[in-house]
Amino acid sequence: MSVPLHFQTVAELSAQLASGKISSCELTRAVLARTRVIEPQVHAFNSFDEADSLAQAAASDARRTTGRSLGPLDGIPVGLKDVISVAGQPLTASSKMLANFVSPYDATVTEKLKAAGAVLHGRLNCDEFAMGSSTENSAFGPAHNPWDLTRTPGGSSGGSAAALASGSAIATLGSDTGGSIRQPAAFCGLVGLKPTYGLVSRYGLIAYASSLDQIGPFARTVEDAAIMLGIIAGHDPRDSTSFKTQVPDYRAEIKTRRGPWKLGVPKEYFGAGLDPEVGAAVEKAVGFYKSQGCEIREVSLPHTQYCLDTYYIIATAEASSNLARYDGIRYGHRSKEAKDVLDVYQKSRAEGFGDEVKRRIILGTYVLSSGYYDAFYLRAQKVRTLIRRDFLNAYREVDALITPTSPIPAFKLGEKSADPLAMYLCDVYTIGVNLAGLPALSLPCGFTAGGLPIGLQLIGQPFREADLLAVAQAYEEAHEWKLKYPAL
Amino acid sequence: MNYEAVIGLEVHVQIKTRSKVFTRVGAGFGFEPNTLTDPVVLALPGTLPVMNKAALDAIIKAGLMLGCEIAPVCKWDRKQYFYPDSPKNYQISQYDQPICLGGTVEIELAGPARNVMGEHKKIPLTRIHLEEDVGKLSHGATESQVDYNRAGTPLMEIVSEPAMHTADEAFAYLTSLRTTMIYGGISDCDMEKGQLRCDANISIRPVGATHLGTKVELKNLNSIAFVRDGIAHEIKRQIAVVERGGTLVQETRDYDGEAGTSQSLRSKEMAHDYRYFPDPDLMPVQVDDAWKQALRTSCPELPFDKQRRFLSEYQIPYTITSVLVPDHGLSDYFEAAAKLAGPGRAQAVGNWIANDLLRELGAAKLPLGAAKITPENLAALVKLIDAGSLLNAAAKEVFSAMFACGGEPAEVAARLGLTAVPTDTHELDSWCRDAIAANAKALAEFKSGKESAINAFKGPVMKAAKGKADPKLVDENLRRLLAAQ
């Protein structure tokens with residue numbers, strides 16, 4: 001039986017669009033039909049606008065018939081996490097604070113997707129302001145894992161993962177501050193890429209922690225991730241932290257770059273708390289690379305134990321500042337109870353933000369307070385430098401690192417929501433990458449006995465996404481995980 | 001006991017750039033509310049700041065003019081506090097690494113007389129840093145409104161050391177700083193438009209003491225005159241508190257310039273914790289020597305340096321320099337005209353500018369740029385007078401005509417029939433005789449030794465000559481005839 005359109009890859013669909021076998025309208029209608037059926041169970045979307053998606057599809061078809069196709073993504077439905085701005089569409093960050101906010105401008109990645117002809121389909125659910133690891137912090141209700149609806153798709157970009165895994169989009173974008181693309185990709189059996197800090201513009205991405213945030217793609221295959229990255233990457237004069245670098249043709253590069261590579265296995269990433277099934281799957285993947293002639297070396301990232309603490313100081317400090325603008329004055333939720341300006345601030349924010357957001361604002365405000373700054377924020381920045389140095393030292397010996405993405409597979413909804421610290425531990429293998437500003441991706445490397453996907457994390461060197469994707473491609477080619485779909 | 005005041009000023013100067021400091025939308029004054037905004041100014045979700053290099057250029061130039069040390073790296077911090085005029089609820093500013101450190105502002109105090117130069121001092125600066133301005137609130141009876149046009153305008157904060165001791169020094173400091181910033185093209189410094197704003201930190205101590213007393217921050221000094229009055233008032237208030245046995249508290253006070261009173265805004269206990277931290281959205285900017293050197297070449301001569309040069313190079317009186325120098329345009333106008341007029345004529349040029357040109361501009365309510373008389377025209381006018389081709393009284397008329405319509409002075413004078421004609425000595429002789437004969441009283445007074453009585457004859461002579469007689473010749477002729485009487 002042939003694979004239904006909604007489960008096919010960007011590469012496959014773009015070939016069929018190019019040959020005229022299918023139209024973008026057909027494809028988009030198929031994805032919308034799937035979305036309508038699946039969405040009540042998965043809740044991957046905060047909103048979607050069928051008429052708008054179909055209009056974009058029609059425009060794509062019109063371009064193609066007049067020979068003005070915009071490339072491999074033209075006519076392909078792509079979903080965006082609801083923290084990425086699209087002019088004229090809601091931008092809620094899954095928060096009551098922005099429940100009625102419509103953004104008047106396009107994010108840079110949105111402009112790039114539009115210029116590539118993508119059919120922008122829907123606003124994808126996530127943890128409120130991208131803070132969380134399960135999408136349970138969404139003010140509009142959690143998303144569900146398409147492989148097991150009682151479980152989380154991960155977070156914070158859970159909607160981006162759930163939509164793609166369930167066939168409600170052909171590719172999606174998420175944002176990754178501490179693992180928010182890679183962990184949901186692992187939980188949902190997808191490829192998820194967090195690019196090097198500075199490779200993709202953050203202009204139009206609702207800021208959670210500015211020095212850690214990075215937009216990246218979710219895809220069904222490494223090749224699709226390469227296509228998506230090629231479109232969204234590149235210097236942007238509107239983002240001072242974006243890097244002036246030449247963007248290679250990742251899709252072409254992954255076909256030409258071949259190993260064997262030297263791969264490092266950081267011993268700190270295989271300690272207590274690692275689920276045995278996850279550990280075994282990752283060991284098996286390491287074995288695969290070895291069998292392909294790759295040299296495998298154990299390496300040490302000695303400051304790994306400080307990653308979580310460092311992250312929760314830096315990320316919350318920046319968040320406390322970034323979220324100060326949501327005050328009910330110019331836009332967003334304003335309390336009806338407010339009597340004066342202090343009320344507007346206090347009541348609007350008390351009503352508009354959820355518990356986890358408040359928790360992080362309070363923590364971040366505390367660590368920046370006079371008298372505590374040196375002990376917390378400044379020290380955390382110093383540790384951050386050491387953490388980055390650990391990685392760069394390892395890269396003197398190896399080309400890339402190989403680790404589990406998450407210590408555990410997708411957990412039950414509600415299982416950890418009462419215990420923030422247990423939730424924070426889900427990110428233990430992913431946050432070091434953000435602190436070090438490195439590129440990393442998660443790709444499927446097996447399933448648990450219970451049928452839950454397991455993710456393999458590959459961590460690369462700064463701005464060497466082409467190599468990272470090539471390493472992943474070598475594994476993916478030799479395995480058939482990508483051919484499995486949730487039985488939804 | 002005698003007290004000495006210690007005063008430090010924090011001056012905010014808006015930098016004159018086309019666009020705002022962290023986005024491309026235009027900056028300016030007097031536009032419809034909330035029209036100089038964009039997603040960045042309004043701090044919409046997802047927006048990011050990008051530094052306007054022109055603003056950094058301007059502050060570095062200002063720093064170079066004031067002799068500051070320029071930091072090798074421009075670093076940005078967030079200053080955090082909630083207020084509706086601040087769209088992000090943090091202000092992008094510079095905390096621990098200001099772009100300019102040290103430097104001085106040269107001031108001149110009032111001299112013993114108006115025509116004598118006063119004492120000069122150099123007031124040391126602590127730092128100058130760059131930040132973004134906030135919006136403007138207006139409060140109605142039941143609601144408040146905010147205009148974000150001003151938000152994001154580049155703003156320099158210039159902090160002096162606590163090194164001034166009188167309200168007059170503070171006044172002189174602000175005047176000099178303002179002139180310097182206008183000279184550099186950094187800002188127009190119009191206080192009415194909020195382009196220059198001043199807060200003062202004031203304390204008192206017994207004369208001879210070296211410690212600093214409890215300081216009071218005085219805000220809302222909305223004009224240079226209010227700065228002087230407000231500081232003088234605060235010094236008096238502090239002395240009065242101490243004299244009657246009270247204790248001063250560290251606080252911020254609001255000065256009401258119209259009423260000449262101040263009231264407490266907040267005490268030290270209510271001071272903000274700004275939770276400064278480096279702005280992760282902005283990369284530090286390296287300021288290398290080539291960059292600084294390029295800006296250094298664009299720095300103009302400082303006003304007081306120019307004044308000293310005018311005094312020595314052109315030998316013009318101090319009073320004239322103190323009219324010309326504070327106005328960059330006017331002093332350039334002077335130099336151009338003085339150079340064209342040639343040696344020995346600079347003072348005449350200066351007089352024409354300081355008296356006639358400024359009077360005409362004032363009467364017509366025009367800026368210098370709108371004057372039709374060019375430096376070339378003025379230089380030619382002075383040369384004509386010097387050559388005896390134009391008499392002073394006639395020259396005034398020629399000047400007025402040139403101010404209104406422009407033109408070469410020789411042509412204007414000819415057109416108005418004001419060119420001095422070589423006087424027929426016979427005719428002049430008869431006018432003088434007639435004038436003396438007509439005024440026996442003045443003749444008697446002159447003969448009895450009252451020298452000034454001669455002037456009584458001059459009027460009738462000039463009237464008969466229709467103003468075209470050379471006053472020097474008239475005087476000589478009258479004296480000759482009077483001596484013969």
Worksheet item: Can you pull out the helices (runs of 4 or more DSSP H) entirely within segment A:240-352 that have at least 3 residues that are at pLDDT 95 or above and within 11 Å of chain B (Cβ to nearest Cβ)?
Response: A:307-322, A:341-352
Worksheet entry | Odd one out for A:I232 among (1) touching a Gly at 6+ places or on another chain (Cβ under 9 Å); (2) hydrophobic (A, V, I, L, M, F, W, C); (3) farther than 18 Å from A:S406 by Cβ; (4) outside the structural domain of A:R182 (by TED's automatic domain parsing) | (4)
Practice prompt. State whether one or more residues within segment A:367-384 are under 21 Å from A:F129 (Cα atoms) and either of a type outside the set (D, E, K, R) or surrounded by 14 or more Cβ atoms within 10 Å (Cβ to Cβ) (or both).
Written response: yes
Worksheet item: If you go through segment B:264-277 one residue at a time, do you hit one that is polar (S, T, N, Q) and more than 14 Å from chain A (Cβ to nearest Cβ)?
Response: yes
Discussion item. So for segment A:396-415 (the condition being in contact (Cβ under 8 Å) with a residue 12 or more places away in the chain, farther than 26 Å from A:C294 by Cβ and of a type in the set (G, A, S)), does at least one residue qualify?
Written reply: yes
Discussion item. Condition (residue is in a loop (DSSP other than H, G, I, E, B) and within 14 Å of chain B (Cβ to nearest Cβ)) applied to segment A:393-406: is it met by at least one residue?
Written reply: no
Practice prompt. Hey, can you tell me all the residues within segment B:9-41 that are buried (at least 22 other Cβ atoms within 10 Å of the Cβ) and within 24 Å of B:D199 (Cβ to Cβ)?
Written response: B:L9, B:V11, B:V13, B:Q14, B:I15, B:K20, B:V21, B:F22, B:A27
Worksheet item: Based on what the data block shows, is B:G369 in contact (Cβ under 8 Å) with a residue 12 or more places away in the chain, in the same structural domain as B:L340 (by TED's automatic domain parsing), exposed (fewer than 13 other Cβ atoms within 10 Å of the Cβ) and assigned to a helix (DSSP H, G or I)?
Response: yes
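Can you pull out every residue in segment A:226-239 that is touching a residue at least 60 places away in the same chain (Cβ under 8 Å) and either under 15 Å from the mean Cα position of the chain (by Cα) or within 12 Å of another protein chain (Cβ to nearest Cβ) (or both)? Walk me through it before giving the result.
Taking segment A:226-239 and keeping what is touching a residue at least 60 places away in the same chain (Cβ under 8 Å), we get A:226-229, A:231-234, A:236, A:238-239.
A:A226, A:M228, A:L229, A:I232, A:A233, A:D236, A:R238, A:D239, listed by residue number.
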Response to the item:
How many residues of segment B:404-436 are surrounded by fewer than 21 Cβ atoms within 10 Å (Cβ to Cβ), at negative phi and within 35 Å of the chain's Cα centre (by Cα)? The answer is 4
Worksheet item: If A:I84 passes every condition in (1) within 13 Å of another protein chain (Cβ to nearest Cβ); (2) over 23 Å from A:P184 (Cβ atoms); (3) not small (G, A, S) but one, which one does it miss?
Response: (2)
Fill in: Hey, B:E251 at pLDDT below 95 and either surrounded by fewer than 17 Cβ atoms within 10 Å (Cβ to Cβ) or touching a Lys or Arg at 6+ places or on another chain (Cβ under 6 Å) (or both) or not
no
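Rundown of residues vs (1) in contact (Cβ under 8 Å) with a residue 24 or more places away in the chain; (2) buried (at least 22 other Cβ atoms within 10 Å of the Cβ), yes/no style:
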residue	(1), (2)
A:G264	yes, yes
A:E295	yes, no
A:R330	no, no
A:D343	no, no
Item to complete: Within segment B:40-79, work out how many residues are within 9 Å of chain A (Cβ to nearest Cβ), assigned to a loop (DSSP other than H, G, I, E, B) and of a type outside the set (G, A, S).
Response: 9
Worksheet item: Taking B:T23, is it polar (S, T, N, Q), within 27 Å of B:I128 (Cβ to Cβ) and over 23 Å from the mean Cα position of the chain (by Cα)?
Response: yes
Discussion item. Which residue is surrounded by the most Cβ atoms within 10 Å (Cβ to Cβ), if the candidates are limited to segment B:278-297 and must be part of a loop (DSSP other than H, G, I, E, B) and within 14 Å of chain A (Cβ to nearest Cβ)?
Written reply: B:D279
Practice prompt. Evaluate the following for B:A71: is it out of contact with any Ser or Thr (no Cβ under 6 Å at 6 or more places or on another chain), more than 17 Å from B:I158 (Cβ to Cβ) and modelled with pLDDT of 95 or more?
Written response: no
Worksheet item: Where in segment B:164-267 are there strands (runs of 3 or more DSSP E), lying wholly inside it, with at least 3 residues that are among the hydrophobic types (A, V, I, L, M, F, W, C)?
Response: B:196-206, B:216-221
Item to complete: Considering only segment B:111-137, state which residues are modelled with pLDDT under 95 and exposed (fewer than 13 other Cβ atoms within 10 Å of the Cβ).
Response: B:P112, B:A113, B:R114, B:N115, B:V116
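Is it the case that segment A:415-430 has a residue that's assigned to a strand (DSSP E or B) and under 21 Å from the mean Cα position of the chain (by Cα)?
No: segment A:415-430 contains no residue that is assigned to a strand (DSSP E or B) and under 21 Å from the mean Cα position of the chain (by Cα).
Does A:G71 count as surrounded by fewer than 24 Cβ atoms within 10 Å (Cβ to Cβ), in contact (Cβ under 8 Å) with a residue 40 or more places away in the chain and part of a loop (DSSP other than H, G, I, E, B)?
yes
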Worksheet item: Is it true that some residue in segment A:412-431 is in the same structural domain as A:G155 (by TED's automatic domain parsing), of a type in the set (V, I, T) and modelled with pLDDT of 95 or more?
Response: yes
Fill in: Residue satisfying condition, being farther than 30 Å from B:S19 by Cβ and outside the structural domain of B:D327 (by TED's automatic domain parsing), within set B:Y173, B:Y183
B:Y173
Practice prompt. Taking only segment A:23-52 into account, find how many residues are surrounded by fewer than 16 Cβ atoms within 10 Å (Cβ to Cβ) and over 14 Å from A:A169 (Cα atoms).
Written response: 3
Discussion item. Please count how many residues of segment B:331-345 are within 23 Å of B:T179 (Cα to Cα) and surrounded by 18 or more Cβ atoms within 10 Å (Cβ to Cβ).
Written reply: 6
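The values are calculated or read from the model by the stated rules, or taken from the named source; none is laboratory data. All of these numbers come straight from a predicted model, not from anything done at the bench. Every residue, glycine as well, gets a Cβ built from its backbone with ideal geometry; the counts of neighbours run over all protein chains shown.
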